[in-house]
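Worksheet: the structure to be examined is printed underneath.
What follows draws every value from the coordinates through simple rules; no lab data is involved. Everything numeric here is computed off the predicted structure, so don't read it as measured data. Cβ: placed from backbone, ideal geometry, glycine included. Neighbour counts: every protein chain shown.
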Amino acid sequence: MSEKLLPYPLDRPIGIFDSGVGGLTVLKALRRKLPHRDFVYLGDTARVPYGRKPAAMVAEFAYGITEFLRQIGVEGVVIACNTASASALPELAGHFSIPIWGVIEPGVEAAARLTRTGRVGVIGTKGTIASGAYQRRLERRGLTVWAQDCPMLVHIVEEGLAGSPECDLLLHHYLDGRAAIDTLILGCTHYPLLHDAIQRVVGDSVTLVDSAESLAQAVNGSMGADPPAAAPGRIVHFVTGDPLAFAHTSEVIGEVAGEVVPLPVTELIRLQSR
Ligand code: DGL
């Protein structure tokens, strides 16, 4: 049982996963809403990026990770990754009996609420943009959509290069040709870590949407009250790649640091076969 891999027992934790550090932005928003909840975060940094991989492969990864988290004993799973939400959410929700939340619908809802002109942009990985998951949902609401994949931005974040001249060059490359939009969805959980740089490039007339807040609201609503406790909830991070680099980033992000447990990716691959 994967439960034995926990460094200490947790109380009714919520599971959350991403290909890397991006999902920590979602964890931070969740922690603000549920400060006494325990969380198990899984950063699949050995296999990042998900955004360049075939959708079926990402769906397999997501299945193995969800099964791992289920065996740990989580009460629900947040897919803090747009690429995996786009390729795996309906199937996972149909297969597992615990609640599973994705990040796409909350981002669409927030953008539809915020736009004044009805012209919305979305940026994400190649996988997310090619899936059309955002475009379909936004267009169904009568909105006009501009979509752009930005595959290099995940590497910028994972390598700690946010704020570098290289980061700015890439943002101009991806964003300067945008259509007239007043709202831009950050359709990759890595991008909130580039929030200020993106805002500088698109200007103050464009509202940036990070789905983490709306998602945290939804999770909070369906998990019921935060457990009454004086102490803050604990976080255990399982990381398939370099644990030191991960621990450093989680410290820098703030409010999401916790015990980091290295996890051989073979543990997850074993659970992928259905
Ligand atoms: N942060 C993820 C997302 O929201 C995945 C990025 C990647 O691994 O390519 O799509």
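Results, tabulated for the structure shown:
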{"read-out": "Approximate spin-label separation residue 244-residue 155, in nm, with each point projected 7 Å along Cα-to-Cβ", "value": "2.3"}
{"read-out": "Residue-span extension gain [residue 205 to residue 12] - 0.36 nm each, minus C-alpha spacing", "value": "65.2 nm"}
{"read-out": "Label zone at residue 57 (point 7 Å along Cα-to-Cβ), backbone N below 13 Å, region 247-274", "value": "none"}
{"read-out": "Förster radius 41 Å - calculated FRET efficiency between residue 139 and residue 252 (Cβ-Cβ, nearest 0.05)", "value": "0.65"}
{"read-out": "Ranked list, fewest to most other Cβ atoms within 10 Å of each Cβ, for 164, 222, 19", "value": "222, 164, 19"}
{"read-out": "Calculated SAXS-style log₁₀ I(q)/I(0) at q = 0.11, 0.14, 0.15 Å⁻¹ - the chain, Debye, Cα scatterers", "value": "-0.57, -0.94, -1.08"}
{"read-out": "Packing-based ranking, highest mean first, of 236-249, 180-193, 256-269, 57-70 given that Cβ atoms within 10 Å are counted", "value": "180-193, 57-70, 236-249, 256-269"}
{"read-out": "Per-residue ³J(HN,Hα) for region 52-63, Karplus 6.51 cos²θ - 1.76 cosθ + 1.60, θ = phi - 60°, Hz, x for Gly and Pro", "value": "9, 9, x, 4, 5, 5, 4, 5, 5, 4, 5, 5"}
{"read-out": "Calculated log₁₀ intensity ratio I(q)/I(0) where the Debye formula runs over C-alpha points of region 118-213, q = 0.15, 0.21 Å⁻¹", "value": "-0.53, -1.06"}
{"read-out": "Antiparallel %, DSSP beta bridges [both residues in region 1-153], to 5", "value": "0"}
{"read-out": "Simple label model, 7 Å out from Cα along Cβ direction - residue 182 to residue 168, nm", "value": "2.9"}
{"read-out": "Rg ratio (alpha-carbon, reference 2.2 N^0.38 Å) - region 165-252", "value": "1.45"}
{"read-out": "Viscosity 0.692 mPa s, temperature 37 °C, Stokes-Einstein D of region 38-195 from Kirkwood C-alpha radius, µm²/s", "value": "200"}
{"read-out": "Table column - 3J(HN,Hα) (Hz), region 186-196, Karplus curve with 6.51, -1.76, 1.60, x for Gly and Pro", "value": "7, x, 8, 6, 6, 5, x, 6, 10, 3, 5"}
{"read-out": "Long-range HN-HN contacts of residue 207 with modeled amide H, under 5 Å", "value": "183, 184"}
{"read-out": "Within a Gaussian network of the chain (alpha carbon springs, distance under 10 Å), most fluctuating of 28, 126, 53", "value": "53"}
